[in-house]
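Novice: The structure that follows is given in the form of structure tokens.
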Amino acid sequence: MGAWMVVGGALLALWATLVPPRPQPPPPEPEVRVLLSYGEREGFDRYLFPELGVAAVGGPLQVLSGPSRSQLRPVVTLHSERPLLIRKRQGMVTAYFEGLQFDLAPFVRLRPADPAQPVSFQLLLPNSSRPAYPGELWIEARAEGFLLVNQVGLESYLKRVLPSEMPPSFPPEALKAQAVAARTYAHTRRQAEGFWKRFGADLSDSVSEQAYNAAPPRPASDRAVEETRGQVLTFSGAPIQAFYFSTSPGSTAGIEEVWPERAPLPYLRPRPQGLPSAGRLEHEAEAQAFFQNWNPAGFLDAGSPFWRWRVRFSRLDLERLLARTLPERARVAPEHVETLEGSPPPDAPGFTLGQLREMAVLRRGRGGYVSALQITTSTGRYVVWRESHIRALLRPNKEFTGGQDVLLELWQGPPRLNFPLLPSAAFALVEERDPQGNLLYLTLWGGGLGHGVGMSQYGALGLAQRGYSYRQILEHFYPGSRLEAIR
């Protein structure tokens with residue numbers, strides 16, 4: 001018996017050396033949950049679907065429903081690729097499919113019935129042709145409409161973020177830098193207890209987070225995702241806040257300059273984007289000279305038409321604009337609109353703007369981004385704080401000025417008419433007054449597109465064109481960060 005055991009053990013050992021071990025399946029891909037928007041409506045209404053039409057493409061579809069996300073039961077398995085309609089009828093959630101009707105609870109989950117046969121979901125929306133969504137759909141019925149969340153693998157998600165955020169024609173190293181930044185941003189949102197968690201999501205699909213599925217996957221973008229698969233940026237062992245934006249005017253902004261409630265971060269500080277350097281732009285004369293310089297030589301972001309821009313308002317246009325936007329900002333963010341003189345404040349009944357006398361920059365970051373703007377009129381003096389509110393205050397759009405088309409001139413390419421927001425808060429003011437000192441016109445000479453924090457996408461383009469690798473691009477924009485694999 002002992003001899004046979006020895007021989008058997010030797011044979012097993014020999015067999016183990018001859019037969020390679022069975023490959024282990026790859027670890028499951030992290031998933032991200034994205035709150036989808038219905039349209040370009042204002043505020044949270046943009047995420048409320050009045051009803052839902054979904055066509056599932058691929059394998060069979062399983063519909064689950066229940067009173068909460070954690071209490072779902074199977075309702076039906078559908079094999080056809082015909083539309084599934086979900087509506088609210090007399091306060092109840094009802095699904096319709098090929099003449100059949102199914103009563104559902106407030107929470108619904110649509111997923112592949114067979115994991116080996118993935119399903120993609122085409123949303124049937126009026127005047128919309130979005131690409132199909134992979135993964136699963138989660139639906140929550142609310143009094144105002146339906147919330148729709150797409151649960152999808154992180155890498156699949158990124159393949160629909162990249163072509164929505166950066167032109168696939170950009171050089172491969174710029175696309176890879178964008179892939180790492182977008183992955184890091186989403187990974188940080190997955191881990192954080194942020195605003196969107198209350199809706200069963202990690203982030204939304206809009207540009208306030210990361211644009212998602214506005215364009216279908218493209219080969220160049222897919223390669224950038226695959227060649228950086230699993231890579232994120234960390235600082236002191238934790239994933240960074242990988243903010244990014246479109247175009248800088250010659251410098252990025254520090255995070256605390258744009259969002260004062262946030263603490264400074266060593267990897268999100270102002271960074272010059274080429275030569276000549278923006279300097280500190282501490283005086284308005286320096287800022288005017290910098291933004292009136294339309295010579296692109298030496299600037300990384302000059303590939304963008306928004307590297308430099310200007311818009312000229314008449315005093316009458318500005319008065320009509322501010323009469324709407326100043327009360328609007330006071331209602332939306334009262335903590336960021338201060339009344340120094342005059343009564344009543346902008347959000348009070350009976351507010352009258354009066355004649356505009358002066359607009360002046362009170363505070364400007366080192367990179368040129370305005371963070372406090374003072375408006376002086378015949379009836380009062382007001383200060384608007386924070387980059388996003390200043391951009392919403394000075395909308396170059398005839399919907400708010402009430403006059404003719406407002407022209408946003410760009411340093412190259414055709415001008416833009418009635419732009420929805422001021423492109424950035426990086427600008428300087430130049431007045432035109434009559435001999436009596438009355439304000440006639442105000443020109444905003446500015447540059448850049450977006451909030452200014454982190455990586456500028458056109459700056460990444462400029463660095464890639466200069467031969468930088470994606471690692472060097474990321475080190476430039478997020479100094480001190482490290483490239484690591486998701487743990």
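The values are calculated or read from the model by the stated rules, or taken from the named source; none is laboratory data. Fair warning: this is a prediction, and the values are worked out from it, not measured in the lab. Virtual Cβ from ideal backbone geometry, glycine too; neighbours counted across all protein chains shown. When the accessible area is computed, the model is the full protein with side chains, heavy atoms only, and any ligands, DNA or RNA have been set aside. Shrake-Rupley method; radii C 1.70, N 1.55, O 1.52, S 1.80 Å.
Novice: Looking at Arg386, Arg433, Arg482 in this structure, which one is open to solvent by 20 Å² or more (accessible area, probe 1.4 Å), basic (Lys, Arg) and closer than 30 Å to Pro28 by Cβ?
Specialist: Only one candidate qualifies: Arg482.
Novice: Just give me the residues in the range 175-211 being in contact with a strand residue (DSSP E or B) (Cβ under 8 Å, 6 or more places away or on another chain), farther than 19 Å from Asp45 by Cβ and not small (Gly, Ala, Ser), in sequence order.
Specialist: Gln178, Val180, Arg183, Thr184, Tyr185, His187, Thr188, Arg189, Arg190, Gln191, Asp202, Gln210, listed by residue number.
Novice: Taking Leu321 as the residue in question, decide whether it is surrounded by fewer than 21 Cβ atoms within 10 Å (Cβ to Cβ) and not basic (Lys, Arg).
Specialist: The answer is no for Leu321.
Novice: So which strands (runs of 3 or more DSSP E) are wholly in the range 346-428 and hold at least 2 residues that are touching a His at 6+ places or on another chain (Cβ under 7 Å) and closer than 29 Å to Glu286 by Cα?
Specialist: 381-385
Novice: If you don't mind, there's one more thing I want to ask. Report yes if some residue within the range 139-149 is open to solvent by 30 Å² or more (accessible area, probe 1.4 Å) and within 21 Å of Asp222 (Cβ to Cβ); otherwise report no.
Specialist: no
Novice: Condition first: open to solvent by less than 40 Å² (accessible area, probe 1.4 Å) and at negative phi. Now tell me which residues in the range 436-448 satisfy that.
Specialist: Leu439, Leu442, Thr443, Leu444, Gly446, Gly447
Novice: Look through Gln457, Gln472 and report the one residue that is more than 30 Å from Thr377 (Cα to Cα), in contact with a strand residue (DSSP E or B) (Cβ under 8 Å, 6 or more places away or on another chain) and at pLDDT 95 or above.
Specialist: Gln457
Novice: Just the residues that are more than 21 Å from Glu144 (Cα to Cα), free of Cβ contacts under 8 Å to residues at least 24 places away in the same chain and open to solvent by less than 60 Å² (accessible area, probe 1.4 Å), please, taken from the range 81-127.
Specialist: If the condition is that a residue be more than 21 Å from Glu144 (Cα to Cα), free of Cβ contacts under 8 Å to residues at least 24 places away in the same chain and open to solvent by less than 60 Å² (accessible area, probe 1.4 Å), then Phe97 is the only one that fits.
Novice: Let me ask another. Filter the range 409-427 for residues that are in contact with a Leu (Cβ under 7 Å, 6 or more places away or on another chain), under 10 Å from Pro396 (Cα atoms) and not basic (Lys, Arg) and give the result.
Specialist: Listed by number, the residues that qualify are Leu417, Phe419, Leu422, Pro423.
Novice: Can you run down the residue pairs with Cβ atoms below 9 Å, 6 or more apart or on separate chains, where the first is in the range 416-429 and among the aromatic types (Phe, Trp, Tyr) and the partner is open to solvent by 40 Å² or more (accessible area, probe 1.4 Å)?
Specialist: Note: pairs meeting the criteria are Phe427/Arg310; Phe427/Trp445.
Novice: What residue, of Arg109, Arg142, is more than 24 Å from the chain's Cα centre (by Cα) and at pLDDT below 95?
Specialist: Arg142
Novice: If a residue must be open to solvent by 10 Å² or more (accessible area, probe 1.4 Å) and either of a type outside the set (Gly, Ala, Ser) or closer than 19 Å to Gly413 by Cα (or both), how many such residues does the range 300-318 contain?
Specialist: Looking only at that region, the number is 10.
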